[in-house]
Amino acid sequence: MQSLVVLGGRDASTYSVLKMIVAKTIPDLRQARSRFGPIAFVPTMGALHAGHLSLIQTARRYARDVVVSIFVNPTQFGPREDLTRYPRPLEEDLDLCRQAGVELVFVPDAGEIYRVGSPNVVVDLPELTQTLEGRHRPGHFQGVCQVVAKLFNIVQPQYACFGTKDFQQLRVIEAMTEALDFPIQIVPCPTVREPDGLAMSSRNRHLSDDERSRALNINRALFAADAEARAGAQVTSKLVATMQRMLLNVGRLGHVPMSIDYVACVDPKTLKLVDTLTAPVTCAIAARVGSTRLIDNLTITPGR
Ligand code: PAF
């Protein structure tokens, strides 16, 4: 599955012809990885969009060579979640990686990562994983930590890029990296939004036109909370009430646009609920629009 790509990225004056290597097994990945020096790693579950491409661009600023993994990790999905429905457009994803100049892509299958008979390891950071997403998706972060720890050991990157859209995941991975002494710098990357403000997500492709327009209430609610804080609101319960009102506003269509899993204002580091805006606070929303569950967040800095 190797292919030639023409890149003008790193040295715009001379187009260079590079091979993007696609490894399906751990030994192949390790052999290919040994050709590179320091690398920046972008772990993904595929269905790549502009958000992932911006992670790849950021990765390129940290290291000469970029490795992307594409693996829909079964252990981070609950029994009633969308594992089977999760989009898997592998050829499209590989094309996007090629166009982005990625050097090495790791596309293992589940049997490669979770080999029959090999011991099951659970990594958990209960102080950070029992709130927000963790409360609504029991076991989710154990699955994320399990696979990310394995990928870190397999890929051995010096840098790893994670999107701020999954801010709790980012915080959990930062803490896991610190706790397990991985010699890796975690690079947080800003959320990429559609022109109308909807946060980019692989799950957006499940939304009908009507659902997509209803989903916009999520980012609008976050920006309304931000505006309210700028106008002087200091009590977070007021911001939460504003966000809930916007999310549940029946609007023109006359039906409740979504069901809310949570709306919360938390400390960006400890993820504990915050009452008063005296320092930066992350407002976080999880809601279901039709059968699609979406999350988004915005960090609000008081006095801005
Ligand atoms: O954010 C994701 O896409 C996944 O949770 C990750 C980090 C690739 C682990 O499966």
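Among (1) closer than 25 Å to Thr292 by Cα; (2) free of Cβ contacts under 8 Å to residues at least 40 places away in the same chain, which single condition is Arg137 missing?
Only one criterion is unmet by Arg137, namely (2).
If a residue must be assigned to a helix (DSSP H, G or I), buried (at least 17 other Cβ atoms within 10 Å of the Cβ), out of contact with any Ser or Thr (no Cβ under 8 Å at 6 or more places or on another chain) and of a type outside the set (A, V, I, L, M), how many such residues does region 175-203 contain?
Pass one, region 175-203, residues assigned to a helix (DSSP H, G or I): 175-179, 202-203.
Now drop any that are not buried (at least 17 other Cβ atoms within 10 Å of the Cβ), which leaves 175-177, 202-203.
If we keep only those that are out of contact with any Ser or Thr (no Cβ under 8 Å at 6 or more places or on another chain) too, we end up with 175-177, 202.
If we keep only those that are of a type outside the set (A, V, I, L, M) as well, we get 177, 202.
Number of matching residues: 2.
I'd like the full set of residues that are within 15 Å of the ligand (Cβ to nearest atom), under 23 Å from Val22 (Cα atoms) and not β-branched (Val, Ile, Thr), limited to region 55-85.
Leu55, Ala59, Ser69, Phe71, Asn73, Pro74
How many residues does region 106-138 contain that are within 13 Å of the ligand (Cβ to nearest atom) and either touching a Leu at 6+ places or on another chain (Cβ under 7 Å) or not in a helix (DSSP H, G or I) (or both)?
The total comes to 6.
Select from region 283-299 the residues that are out of contact with any Pro (no Cβ under 6 Å at 6 or more places or on another chain) and either within 17 Å of Leu170 (Cα to Cα) or crowded, with 21+ Cβ neighbours inside 10 Å (or both) and list them in ascending order. Explain how you work it out, then say what you get.
Here is the first cut: in region 283-299, the residues out of contact with any Pro (no Cβ under 6 Å at 6 or more places or on another chain) are 283-298.
Matches in region 283-299: Cys283, Ala284, Ile285, Ala286, Ala287, Val289, Leu294, Ile295, Asp296, Asn297, Leu298.
Can you find a residue that is in contact (Cβ under 8 Å) with a residue 60 or more places away in the chain, touching a Gly at 6+ places or on another chain (Cβ under 9 Å) and more than 24 Å from Leu53 (Cβ to Cβ) anywhere in region 200-209?
yes
Being more than 10 Å from the ligand (Cβ to nearest atom) and crowded, with 24+ Cβ neighbours inside 10 Å is the filter here; which residues of region 141-160 pass it?
Pro157
Where a number appears in this text, it was derived from the coordinates with a stated rule and is not lab data. The structure presented is a predicted model; accordingly, all values stated were derived computationally and were not measured. Positions of Cβ are backbone-derived with ideal geometry, glycine not excepted, and every protein chain shown enters the neighbour counts.
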